[in-house]
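Here is the structure we will look at.
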Amino acid sequence: GIQVEQSPPDLILQEGANSTLRCNFSDSVNNLQWFHQNPWGQLINLFYIPSGTKQNGRLSATTVATERYSLLYISSSQTTDSGVYFCAVIAGNAGNMLTFGGGTRLMVKP
Amino acid sequence: GAGVSQTPSNKVTEKGKYVELRCDPISGHTALYWYRQSLGQGPEFLIYFQGTGAADDSGLPNDRFFAVRPEGSVSTLKIQRTERGDSAVYLCASSLTGGLRETQYFGPGTRLLVL
């Protein structure tokens, strides 16, 4: 099946700093979503972005489908950005279940 | 409802017992998914319903796991003869029609602990 790798696995930032999270995938995808899992475990949808670039406030994402990677940018980080960020994809030929990466655990310090 | 809801939020049971976990999807969503998340890992797919039928149950780990969605809305995940290794967060998600290019929306999860 498709492999989804996220980097870095862990990230510690000072409040106000910027960061880039990366998601590499091993095959063509129909669907790519970024989620933020907050400390209470809720998966919050950030972006549906199988290709192209989107922005929402301090967050933006870019997916280059032909090169099989996606990037999530966090600018001016806040302590509330802490949690785990997951990239998940639906592979081109494998049903419609999401396959998740291992996540990037982000801690933003005040 | 406004979002996907799941009950109970937490469930503690003893090894060998039977448990039921409930998921109420977003109103009008015909597609419903169950995932399982072990500590420190990303969620893993269990089963997908389109309407009342299980369209893909390839992620169920063994025959102790079963899920139903009798009226095409609420779904129940059933685990028989629970084992300690079943301890995890069970997540439910729904999407509008199950299309490959749709957003899946997740509920808050049920944290299952098998003692």
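The values are calculated or read from the model by the stated rules, or taken from the named source; none is laboratory data. A quick note: this is a predicted structure, and the numbers were derived from the prediction, not measured. Here Cβ is always computed from backbone atoms with ideal geometry, including for glycine, and neighbour counts include all displayed protein chains. What goes into the accessible areas is simple: the full protein's heavy atoms, side chains included, and nothing from ligands, DNA or RNA. Shrake-Rupley method; radii C 1.70, N 1.55, O 1.52, S 1.80 Å.
So which residues in region A:81-110 are more than 7 Å from chain B (Cβ to nearest Cβ), assigned to a strand (DSSP E or B), at negative phi and modelled with pLDDT of 95 or more? Before you say what the answer is, go through the steps one by one.
Our first condition is that a residue be more than 7 Å from chain B (Cβ to nearest Cβ); within region A:81-110, this holds for A:81-85, A:87-89, A:91-94, A:99, A:104-110.
Filter once more, so that each one left must be assigned to a strand (DSSP E or B): A:83-85, A:87-89, A:91, A:99, A:104-109.
Remaining after also requiring at negative phi: A:84-85, A:87-89, A:91, A:99, A:104-109.
A:84, A:85, A:87, A:88, A:89, A:99, A:104, A:105, A:106, A:107, A:108, A:109, listed by residue number.
So which of B:22, B:36 is crowded, with 17+ Cβ neighbours inside 10 Å and of a type in the set (Lys, Arg)?
Working: B:22 fails: crowded, with 17+ Cβ neighbours inside 10 Å.
Unique residue meeting the criteria: B:36.
Any residue at all in region B:88-106 that's among the aromatic types (Phe, Trp, Tyr), within 26 Å of residue A:102 (Cα to Cα) and open to solvent by 40 Å² or more (accessible area, probe 1.4 Å)?
Going residue by residue through region B:88-106, those that are among the aromatic types (Phe, Trp, Tyr) are B:90, B:105-106.
Checking the rest, the ones that are also within 26 Å of residue A:102 (Cα to Cα) come to B:90, B:105-106.
Checking the rest, the ones that are also open to solvent by 40 Å² or more (accessible area, probe 1.4 Å) come to B:105.
Scanning region B:88-106 turns up at least one residue that is among the aromatic types (Phe, Trp, Tyr), within 26 Å of residue A:102 (Cα to Cα) and open to solvent by 40 Å² or more (accessible area, probe 1.4 Å).
Of all residues in region B:47-73 being open to solvent by less than 40 Å² (accessible area, probe 1.4 Å) and touching a residue at least 40 places away in the same chain (Cβ under 8 Å), which is nearest to residue B:89 (Cα to Cα)?
If we take residues in region B:47-73 being open to solvent by less than 40 Å² (accessible area, probe 1.4 Å) and touching a residue at least 40 places away in the same chain (Cβ under 8 Å), then B:48 is nearest to residue B:89 (Cα to Cα).
Taking region A:1-49, which residues are under 12 Å from residue A:106 (Cβ atoms), open to solvent by less than 50 Å² (accessible area, probe 1.4 Å) and within 14 Å of another protein chain (Cβ to nearest Cβ)?
Listed by number, the residues that qualify are A:6, A:21, A:36, A:37, A:38.
I'd like the full set of residues that are out of contact with any strand residue (DSSP E or B) (no Cβ under 6 Å at 6 or more places or on another chain), over 20 Å from residue B:24 (Cβ atoms) and more than 8 Å from chain A (Cβ to nearest Cβ), limited to region B:65-108.
B:80, B:81, B:83, B:85
Can residue B:111 be described as open to solvent by 20 Å² or more (accessible area, probe 1.4 Å), more than 11 Å from every other protein chain (Cβ to nearest Cβ) and touching a residue at least 24 places away in the same chain (Cβ under 8 Å)?
Values: open to solvent by 20 Å² or more (accessible area, probe 1.4 Å): yes; more than 11 Å from every other protein chain (Cβ to nearest Cβ): no; touching a residue at least 24 places away in the same chain (Cβ under 8 Å): yes.
Answer is no for this residue.
Considering region A:66-90 alone, what residues qualify as being touching a Gly at 6+ places or on another chain (Cβ under 9 Å) and surrounded by 17 or more Cβ atoms within 10 Å (Cβ to Cβ)?
Passing the criteria: A:77, A:84, A:85, A:86, A:87, A:88, A:89.
Looking at (1) farther than 16 Å from residue A:90 by Cβ; (2) in contact with an Asp or Glu (Cβ under 9 Å, 6 or more places away or on another chain); (3) of a type outside the set (Val, Ile, Thr); (4) away from chain A (no Cβ under 11 Å), find the lone condition where residue B:37 falls short.
Only one criterion is unmet by residue B:37, namely (4).
Scan region A:98-107 and give yes if some residue there is under 15 Å from the mean Cα position of the chain (by Cα), open to solvent by 20 Å² or more (accessible area, probe 1.4 Å) and among the aromatic types (Phe, Trp, Tyr), otherwise no.
Yes, region A:98-107 contains a residue that is under 15 Å from the mean Cα position of the chain (by Cα), open to solvent by 20 Å² or more (accessible area, probe 1.4 Å) and among the aromatic types (Phe, Trp, Tyr).
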